[in-house]
Amino acid sequence: MKMNSKEILSLDSLKIGYVSGKYENVLLPPLTASANSGELIAVIGRNGIGKSTLLRTLTGLQLPLGGEVFYSGKNIRDYSRMELAQKVGYISTEIVKVTNMRVYDLVALGRFPHTNWIGKIEMNDHEVILDALRKTSMESFSRKFVSELSDGERQKTMIARILAQDTGIMIMDEPTAFLDIAGKYEILHLMQMLSNNSDKTIIFSTHDLQMAISQSDKIWLILDNTLIEGAPEDLMIAGAFDHLFNSSTVLFNSEDGTFSFRSDTKGSIYIEGAGKRKHWTEKAINRAGFTVSKEKTYPYIIIPSDSNNFWRLSGQSSIQEFSSIYELISCLSKEVIRSI
Amino acid sequence: MKTDIKKQLSDDIKSGRNTKLIFTGLLLMVVIFLILDIFLGSVSIKASEVIKAIFNNADSNFETIILKFRLPKAITALTVGVALSLSGLQMQTVFRNPMAGPYVLGISSGASLGVAFVILGFSSNITPDSINSLGNWILVAASWIGAGSVMLLIMFISSRVKDIMTILILGIMLSSGISAIVIIMQYFSNETMLKAYVIWTMGSLGNLTASQIHVLLISVSAGVILSLFSSKMLNALLLGENYARSIGLNVRFARIVIFICTSILAGSVTAFCGPIGFIGIAVPHIVRILFKTSDHKVLIPGTILMGGTIMLVSDIISQLPGTESVLPVNAVTSLIGIPVVIWVILRNRKYSGQF
């Protein structure tokens, strides 16, 4: 359990963006948000809205154009590079490709702010590095070359590097972007473990809304005119995510946090039956552009049961049988429902 | 899992042992080739005579050859090899470009422009042989400035253009542009200046006066010490600028240190020995293959030893021991370096430009 969680980071009317020549290109209205220690925070927003810029600004890679960032109550402008590197670690979307660099060496670079002028790895540094490798379950890879790792293994190595850096805050720009589903959940699980067990504050950007909603402690939702923060559930209730998609084709369902394509309904169908088959038949019907009717009117579908192996589509004048959902849907898509 | 860790531990110990073994081997090679470089030459001198000459009681002819010619030349070769290779290693890391080196990027050309300004531009009675100690420092400083200017230009360009091949082509363009300027300067200079300059461009390890070797040794030592200080920064820069900053590196400071260091190393060598190609680019790759590491705490000393060795070998070959003729050392270094460079180019297609 997280006890005594206290504010470790706060943003006060932060203005982010780029300076090109004389002109300041401010990306967003002033942002105000905060993070407590041990929280897993997802940063959500549409492409190009400035998530990466925000994360880079929090890491100190670019200066705020206005407003303040406080780490443990101290302004980011008052930190030296070295001090900041002991406070916050960073993983960008940039892939590190160095031949002849071993996993151990990459993780050891996390010790940079803690080692002497030549970067000598002392016994206690070695312990920290081994611990970081253990926590990310990369121990057995330590002698492998970074260039030989899979995407997921490389990402775990990068996380081990921040662990070795021993910062309270980890900032990750789309840490799961190029991973397959299993890899995504593995990394997310790791991030969750670190925030729960090692009291790390992790701020990460993602496009995977469902994952963010189900796993993170807090969401920073960046919209065109504001930043809304809160537990994912609070934002769901407030309907905050609806603003994310002012698109006419995507529909966000704030009951279960799923998306569907908005399409003109072709009609409604009643489904008789229960269980897993019913659930997936409903999904298929939705996909084909029909809604599920609550009353038993024509046409209706009787899904397979013990005595019957077929999906039975009953119209007012005809009955058709299908051996799979695939066949059922192909038929539905072809025919206009009223003609059945 | 347990056995994995045990195996890994033994691997660690083994690779540590290997590193020590390779270092010992390289150190031995440096010593052996240094001795061979003194013993072998156009005039064959018996080993016993060489030893006598060094310990100061031999036939005066042999003594002159050994002490006034071969020994200084061997020391120069060693120094030049160390300096060029180190500057190449630093450039490759700081530009994140496996093809970087003082010669290909035009840094040596920049240095030679500095030298051309001194020899062709200012004094009509300077020749490389007759320059006094102050003159040597002026020559070397001009060379640093020339090397530094090109280095700055390349740094500026590479902060905008990430493509390795583009930067290489720009390096070639810079070299050509500088040659054009030098040719124009030659056109307007008198005969003695021209002769002095042409002799300088031929690149030689053997024409240095005692005071020039003195200046070279001091400058290169300063560069080597500075480079030892840069190993931690270079390691961080391997990750790219953003990651380097995020782990606490002051990138601008690192760039300045490495910039000064490479300009001193490449500039000093070029000032006295002329442009010597392909050592700076090839040696760091050989060292990486040998040690299989990206850690500059290993690569820097490795490059120092390997660079010295290869330059000594080049010098020995260029003297064609036992014959009357001597090859230009530049030809030898090119023949040794170019195959390595080609190999790196072919291998790098797979790694899409990273090393």
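Points worth noting:
Okay, residues lined up against (1) under 19 Å from B:Met91 (Cβ atoms); (2) aliphatic (A, V, I, L, M); (3) buried (at least 19 other Cβ atoms within 10 Å of the Cβ):
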| residue | (1), (2), (3) |
| --- | --- |
| B:Tyr243 | no, no, yes |
| B:Val269 | yes, yes, yes |
| B:Ile276 | yes, yes, yes |
| B:Leu299 | yes, yes, yes |
| B:Thr303 | yes, no, yes |
| B:Leu312 | no, yes, yes |
| B:Ile317 | no, yes, no |
| B:Val329 | no, yes, yes |
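- Remark: pairs (first residue in the stretch A:279-305, part of a helix (DSSP H, G or I); second residue among the hydroxyl-bearing types (Ser, Thr, Tyr) and modelled with pLDDT of 85 or more; Cβ separation under 9 Å; 6+ apart in sequence or on different chains) = A:Ala284/A:Tyr326.
- Qualifying residue in the stretch B:201-214 (condition: assigned to a helix (DSSP H, G or I), in contact with a Gly (Cβ under 7 Å, 6 or more places away or on another chain) and more than 10 Å from every other protein chain (Cβ to nearest Cβ)): yes
- Within the stretch A:89-105, restricting attention to residues that are facing chain B (nearest Cβ under 8 Å) and of a type in the set (A, V, I, L, M), the residue that is farthest from B:Leu234 (Cα to Cα) is A:Val96.
- Residues of the stretch B:25-46 satisfying the condition of being within 30 Å of the chain's Cα centre (by Cα), surrounded by fewer than 17 Cβ atoms within 10 Å (Cβ to Cβ) and modelled with pLDDT under 90: B:Ser42, B:Val43, B:Ser44
- Counted residues, the stretch A:250-273 - those being part of a loop (DSSP other than H, G, I, E, B) and modelled with pLDDT under 80: 10
- Scanning the stretch A:33-52 for residues being touching a Gly at 6+ places or on another chain (Cβ under 7 Å) and surrounded by fewer than 19 Cβ atoms within 10 Å (Cβ to Cβ) gives a total of 1.
- Subset tally (residues that are closer than 11 Å to A:Leu27 by Cβ, in contact (Cβ under 8 Å) with a residue 40 or more places away in the chain and not in a helix (DSSP H, G or I)) for the stretch A:38-54: 3
Residue-by-condition table, conditions (1) surrounded by 18 or more Cβ atoms within 10 Å (Cβ to Cβ); (2) not small (Gly, Ala, Ser):
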site: A:Arg143; (1), (2): no, yes
site: A:Arg161; (1), (2): yes, yes
site: A:Asp173; (1), (2): yes, yes
site: A:Ser205; (1), (2): yes, no
site: A:Leu209; (1), (2): yes, yes
site: A:Ser214; (1), (2): no, no
site: A:Trp220; (1), (2): yes, yes
site: A:Ala231; (1), (2): no, no
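- Filter result for A:Ser198 (surrounded by fewer than 22 Cβ atoms within 10 Å (Cβ to Cβ) and either closer than 20 Å to B:Leu299 by Cβ or within 14 Å of chain B (Cβ to nearest Cβ) (or both)): no
- Checked against the criteria, B:Ile264 counts as in contact with a Gly (Cβ under 7 Å, 6 or more places away or on another chain) and part of a helix (DSSP H, G or I).
- The lone exception for B:Leu78 - which of (1) within 13 Å of B:Ser314 (Cα to Cα); (2) surrounded by fewer than 17 Cβ atoms within 10 Å (Cβ to Cβ) it fails: (2)
- Here A:Leu109, A:Leu179 are screened, and the one residue that is free of Cβ contacts under 8 Å to residues at least 60 places away in the same chain and more than 10 Å from chain B (Cβ to nearest Cβ) is A:Leu179.
- Of the criteria (1) facing chain B (nearest Cβ under 10 Å); (2) in contact with a helix residue (DSSP H, G or I) (Cβ under 6 Å, 6 or more places away or on another chain); (3) more than 19 Å from A:Ser37 (Cβ to Cβ), which one A:Gln165 fails: (3)
- Within the stretch B:190-205, the set of residues being crowded, with 18+ Cβ neighbours inside 10 Å, under 21 Å from the mean Cα position of the chain (by Cα) and not hydroxyl-bearing (Ser, Thr, Tyr) comprises B:Trp200, B:Gly203, B:Leu205.
- Test: residue in the stretch A:10-25 that is in the same structural domain as A:Asp173 (by TED's automatic domain parsing), buried (at least 20 other Cβ atoms within 10 Å of the Cβ), touching a Ser or Thr at 6+ places or on another chain (Cβ under 8 Å) and farther than 17 Å from A:Ile228 by Cα: no
The values are calculated or read from the model by the stated rules, or taken from the named source; none is laboratory data. This is a predicted model, so every value here is computed, not measured. Because the Cβ atoms are built from the backbone with ideal geometry, glycine has one as well, and the counts that use them run over all protein chains shown.
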